[in-house]
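What follows is a structure written as structure tokens; I'll ask about it next.
The values are calculated or read from the model by the stated rules, or taken from the named source; none is laboratory data. Just so you know, these numbers come straight off a predicted model, no measurement behind them. Every residue, glycine among them, receives a Cβ derived from its backbone with ideal geometry; neighbour counts consider all protein chains shown.
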Amino acid sequence: MLRTARCRSFVCQAALWIASAGAARSEEYLGPWDLALSPSGEVLYVALRDARQVAWIVLPEGKVVRRVGLPAAPTGLAVTPGGSTLVVTCAAPRSTIALVDTSSGKVINTIPAGHTANGPAISPDGKRLYVCHRFDNELMTVELASGRVEGRIAVPREPVAAVVTPDGGTVLVANHLPHSRTDAVYMANVAAEVTAIDTASGRATSIALPNGSHSLRDICLSPDGKYAYVTHILSNFELTPTHLDQGWVHVNTVSVIDTQSRRVLNTVGLDEMYSGAANPWGVVCAADGQWVGVSHAGTHQLSLIEASAARGSLVYLYISTLAGAIPDDPRVGKDLHRRVDLPGKGPRAVAAAGNRLYVAQYFSDSVAVVDLDDPQKPARLLPLGPEPQLSLRRRGELLFNDATICYQQWQSCASCHPDGRTDALNWDLMNDGLGNFKNTKSMVLAHRTPPAMAEGVRSSAEAAVRAGIQHILFADRPEEEAAAIDAYLKSLRPVPSPYLVDGQLSPAARRGQRLFHSRRLGCARCHPPPLYTDLKMHDVGTKTLYEFSSRFDTPTLIEAWRTAPYLHDGRYLTVQELLGEGKHGSSHGDVDGLRPEEISDLAQFVLSL
């Protein structure tokens, strides 16, 4: 029985992840994801994530002249200072870094990398490569000439982008999610961080973003390297989301960091009072440093911000849990911030060459071109292939990320569930009374593990999708859109855990597996394989004075390694704390009798699912 459960949990999980990564390819989508420019600005390289290719586009004509196949989905691009080599991170549980000759298009070398490599950055002298390992929570340093790995530096949680200062002395890393408790007792700052790493010593310094910051997607430097700009959502998660306007729930922002003092100078809201700019993603500084461009994945737009104003207090947007966002400072005109409609859907990375900005449009298989000399001029479209015909699943993915179906465009489903997972925050939704904050759940396997929500207030994920459109997006949408979102969510597959060793349980996790299934602990009573949930509500002794119910839905443990903090209110940051301090499961097992090494083994197993 244990062997069967193990197969379903690990070998089959890996197969499902590979299958899901290939689903878009079987539907023949390209999926432009990242961009990089040759030093001359004459060639634009486009990472086609779904097609597992990189495309060469000759500028300014915009003609695709070459496509190069890759071993896995490309997630990041970087060009060496001389322009001879294109570095491509190809994401997988065991990733590959491909070094591509830009003249011939041939892969001249590959370097093994960690779990879901992305965000490559090259030192100004071209000697070192820095790569984010998203699910290993680390930055890897590579000697580029030899491909030798020089070291790995731990960062807080899910690094997704990195930049190197012009002097080569500092690497700035954008971490996607907060890494902290979220329960009401814990009153500290809950926010994702930017990590500053001294390249000489390897010492890491945390740069705190404002409370509620999450979903960091990109980071860039000003041409002189004095300032860094990082995109993120700023959530007023301490408020009940009774309405959306004026930034009551989410503010879509870019934070400005002084790279010398390593502190946040300003956090600029990109929304307008009655028109949100949901899901900021890519960010780039124009070549002259005067403008900062930010793509909005949710509203299919590009923001242009006057850089000097963004760094100062003049256009500081007063973001607070009381006032929301006041996006228009009466002392200045709106010329300091412009929003440009793009011709495609799902903008991601942004690149700058001369007076033009280029934007990857993920769902449209195209690149948009914005003329900085005339931002009012309609953006030009550079198609990368035939216009994609969206399947039901693909349309659902677009709708899940689309804020134009939301009241005033403030948020999309992905604002709280980035990549269909969790924002790592607590929210006091009105569907179960007020005053009882709940941790955001992942959408992976949601349709197979009813009911939905921590207190089971929705009978199924289908019901939750429709309620979310109505009560979270404050919208009235056609049924076919909800059905498409269902199809997308059903297609989500678990990512193999970074705690696996060559796709298998480690010795510690195997010991933990035996404990998990033992009569002594009885963990499998409530968390039986293959879904690791009994689909029932239980009283596990976690009710607080503010809760209206003592019974909570038993969540699946699949991908538990990715869903911290734990329990319905996020009171434990790690699974070991949940077992050791929280004594979770003691109502029907000898959790109190576990030795420290047994707690560690049990946690290793759960984190391997």
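In this structure, is Leu216 over 25 Å from Pro124 (Cα atoms) and of a type in the set (A, V, I, L, M)?
Details: over 25 Å from Pro124 (Cα atoms): no; of a type in the set (A, V, I, L, M): yes.
It is false that Leu216 is over 25 Å from Pro124 (Cα atoms) and of a type in the set (A, V, I, L, M).
Within the range 443-490, count every residue that is assigned to a loop (DSSP other than H, G, I, E, B) and either modelled with pLDDT under 95 or farther than 28 Å from Phe135 by Cα (or both). Show your work before the answer.
Applying the first criterion (assigned to a loop (DSSP other than H, G, I, E, B)) to the range 443-490 yields 443-445, 449-451, 453-457, 459-460, 472-478.
If we keep only those that are either modelled with pLDDT under 95 or farther than 28 Å from Phe135 by Cα (or both) too, we end up with 451, 453-457, 459-460, 472-478.
Matching residues across the range 443-490 total 15.
Scan the range 191-202 and give yes if some residue there is in contact with a Pro (Cβ under 6 Å, 6 or more places away or on another chain), under 20 Å from Gly76 (Cα atoms) and outside any loop (DSSP other than H, G, I, E, B), otherwise no. Give the derivation first.
Here is the first cut: in the range 191-202, the residues in contact with a Pro (Cβ under 6 Å, 6 or more places away or on another chain) are 191-193.
Add one more test, that the residue is under 20 Å from Gly76 (Cα atoms), and what stays is none.
There is no residue in the range 191-202 that is in contact with a Pro (Cβ under 6 Å, 6 or more places away or on another chain), under 20 Å from Gly76 (Cα atoms) and outside any loop (DSSP other than H, G, I, E, B).
Could you list all residues from the range 341-368 that are basic (Lys, Arg) and either in a loop (DSSP other than H, G, I, E, B) or closer than 22 Å to Ser275 by Cα (or both)? First the steps, then the outcome.
Here is the first cut: in the range 341-368, the ones basic (Lys, Arg) are 345, 348, 356.
Correct list: Lys345, Arg348.
Consider the range 573-604. How many of its residues are among the polar types (S, T, N, Q) and surrounded by 21 or more Cβ atoms within 10 Å (Cβ to Cβ)?
The number of residues fulfilling the criteria is 1.
From the list Asp365, Asp371, pick out the single residue that is at pLDDT 90 or above and on the phi > 0 side of the Ramachandran plot.
Details: Asp371 fails: on the phi > 0 side of the Ramachandran plot.
Testing whether each residue is at pLDDT 90 or above and on the phi > 0 side of the Ramachandran plot leaves just Asp365.
Would a scan of the range 534-542 turn up a residue that is in contact with a Leu (Cβ under 9 Å, 6 or more places away or on another chain), of a type outside the set (Asp, Glu) and at pLDDT below 95?
Within the range 534-542, the first condition is being in contact with a Leu (Cβ under 9 Å, 6 or more places away or on another chain), and the residues that meet it are 540, 542.
Going one step further and asking which of them are of a type outside the set (Asp, Glu), we end up with 540, 542.
If we keep only those that are at pLDDT below 95 too, we end up with 540, 542.
Scanning the range 534-542 turns up at least one residue that is in contact with a Leu (Cβ under 9 Å, 6 or more places away or on another chain), of a type outside the set (Asp, Glu) and at pLDDT below 95.
Restricting attention to the range 109-165, which residues are surrounded by fewer than 24 Cβ atoms within 10 Å (Cβ to Cβ) and either in contact with a helix residue (DSSP H, G or I) (Cβ under 7 Å, 6 or more places away or on another chain) or among the basic types (Lys, Arg) (or both)?
Of everything in the range 109-165, those that are surrounded by fewer than 24 Cβ atoms within 10 Å (Cβ to Cβ) and either in contact with a helix residue (DSSP H, G or I) (Cβ under 7 Å, 6 or more places away or on another chain) or among the basic types (Lys, Arg) (or both) turn out to be Lys127, Arg128, Arg148, Arg152, Arg157.
Ok, one more. Taking the range 166-191 as the search range and keeping residues that are without any contact (Cβ under 8 Å) to a residue 60 or more places away in the chain and within 14 Å of Thr231 (Cα to Cα), which one is surrounded by the fewest Cβ atoms within 10 Å (Cβ to Cβ)?
Step one: of the range 166-191, the residues without any contact (Cβ under 8 Å) to a residue 60 or more places away in the chain are 166-169, 171, 173-175, 187-189, 191.
Those left that are additionally within 14 Å of Thr231 (Cα to Cα): 173-175, 191.
On the way: Val173: 28, Ala174: 30, Asn175: 27, Ala191: 23.
Here the residue is Ala191.
If you don't mind, another one. Test Gly293 against the stated conditions and say whether it is farther than 19 Å from Lys377 by Cβ and either touching a helix residue (DSSP H, G or I) at 6+ places or on another chain (Cβ under 7 Å) or of a type outside the set (Lys, Arg) (or both).
Working: farther than 19 Å from Lys377 by Cβ: no; either touching a helix residue (DSSP H, G or I) at 6+ places or on another chain (Cβ under 7 Å) or of a type outside the set (Lys, Arg) (or both): yes.
No.
Continuing with this model, one more query. Would you be able to tell me the number of residues in the range 268-310 that are surrounded by fewer than 21 Cβ atoms within 10 Å (Cβ to Cβ) and of a type in the set (S, T, N, Q)?
Residues in the range 268-310 being surrounded by fewer than 21 Cβ atoms within 10 Å (Cβ to Cβ) and of a type in the set (S, T, N, Q): 3 in total.
Could I ask something else about it? Considering only residues that are in contact with a helix residue (DSSP H, G or I) (Cβ under 6 Å, 6 or more places away or on another chain), in a loop (DSSP other than H, G, I, E, B) and more than 20 Å from Leu500 (Cβ to Cβ), which ones fall in the range 540-584? Even if it seems obvious, please write down each step before you answer.
Kept after step one, since they are in contact with a helix residue (DSSP H, G or I) (Cβ under 6 Å, 6 or more places away or on another chain), are these residues of the range 540-584: 554, 557, 560-561, 566, 572, 575-576, 579-580, 583-584.
From what's left, in a loop (DSSP other than H, G, I, E, B): 554, 557, 583-584.
Passing the criteria: Thr554, Lys583, His584.
Further, regarding this structure: Residues in the range 403-418: is at least one under 17 Å from Lys543 (Cα atoms) and either assigned to a loop (DSSP other than H, G, I, E, B) or not small (Gly, Ala, Ser) (or both)? Please lay out each step first, then the result.
First, the residues of the range 403-418 that are under 17 Å from Lys543 (Cα atoms): none.
Scanning the range 403-418, I find no residue that is under 17 Å from Lys543 (Cα atoms) and either assigned to a loop (DSSP other than H, G, I, E, B) or not small (Gly, Ala, Ser) (or both), so the answer is no.
Looking at the range 240-253, which of its residues are among the aliphatic types (A, V, I, L, M) and either in a loop (DSSP other than H, G, I, E, B) or touching a helix residue (DSSP H, G or I) at 6+ places or on another chain (Cβ under 7 Å) (or both)?
The initial filter retains those residues of the range 240-253 that are among the aliphatic types (A, V, I, L, M), namely 244, 249, 251.
Leu244, Val249, listed by residue number.
Among the residues of the range 491-527, write down those that are surrounded by fewer than 15 Cβ atoms within 10 Å (Cβ to Cβ) and part of a loop (DSSP other than H, G, I, E, B).
Answer for the range 491-527, where residues must be surrounded by fewer than 15 Cβ atoms within 10 Å (Cβ to Cβ) and part of a loop (DSSP other than H, G, I, E, B): Asp502, Gly503, Ser518, Arg519, Arg520.
Looking at the range 223-252 only, could you name the residues that are surrounded by fewer than 20 Cβ atoms within 10 Å (Cβ to Cβ) and within 26 Å of Phe437 (Cβ to Cβ)? Outline the logic, then answer.
Let us first name the residues in the range 223-252 that are surrounded by fewer than 20 Cβ atoms within 10 Å (Cβ to Cβ), namely 223-226, 238-240, 242-243, 245-246, 248.
Answer for the range 223-252, where residues must be surrounded by fewer than 20 Cβ atoms within 10 Å (Cβ to Cβ) and within 26 Å of Phe437 (Cβ to Cβ): Glu238, Leu239, Thr240, Thr242, His243, Asp245, Gln246, Trp248.
Results for (1) over 26 Å from His115 (Cβ atoms); (2) out of contact with any strand residue (DSSP E or B) (no Cβ under 7 Å at 6 or more places or on another chain); (3) at pLDDT 95 or above, shown as yes or no for each residue.
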{"position": "Val173", "(1), (2), (3)": "no, no, yes"}
{"position": "Thr182", "(1), (2), (3)": "no, no, no"}
{"position": "His214", "(1), (2), (3)": "no, no, yes"}
{"position": "Leu239", "(1), (2), (3)": "yes, yes, no"}
{"position": "Ile257", "(1), (2), (3)": "yes, no, yes"}
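If Asp258 satisfies every condition in (1) closer than 16 Å to Gly312 by Cβ; (2) surrounded by 17 or more Cβ atoms within 10 Å (Cβ to Cβ) but one, which is the exception?
Among (1) closer than 16 Å to Gly312 by Cβ; (2) surrounded by 17 or more Cβ atoms within 10 Å (Cβ to Cβ), Asp258 violates only (2).
Ok, one more. Sort out which residues of the range 496-524 are touching a residue at least 24 places away in the same chain (Cβ under 8 Å) and either farther than 18 Å from Val575 by Cα or small (Gly, Ala, Ser) (or both), and write them in order of number.
Ser497, Gly503, Gln504, Ser506, Ala508, Ala509, Gly512, Arg520, Gly522
If you don't mind, another one. Anything in the range 364-391 that is closer than 20 Å to Ala51 by Cα and touching a residue at least 60 places away in the same chain (Cβ under 8 Å)? List them, or say none.
Hits for the range 364-391 are Asp365, Ser366, Val367, Ala368, Leu382, Leu384, Gly385, Pro388, Ser391.
May I ask you to say which residue of Gly282, Gly293, Gly289 is small (Gly, Ala, Ser) and over 23 Å from the mean Cα position of the chain (by Cα)? Outline the logic, then answer.
Working: Gly282 fails: over 23 Å from the mean Cα position of the chain (by Cα); Gly293 fails: over 23 Å from the mean Cα position of the chain (by Cα).
The match here is Gly289.
What pairs can you find where one residue is in the range 461-481 and without any contact (Cβ under 8 Å) to a residue 24 or more places away in the chain, the other is assigned to a helix (DSSP H, G or I), and their Cβ atoms are less than 6 Å apart, with a gap of 6+ or different chains?
Arg466/Ala482
So if I check each of Asp423, Asp432, which one is over 27 Å from Ala309 (Cβ atoms) and at pLDDT below 95?
Asp432
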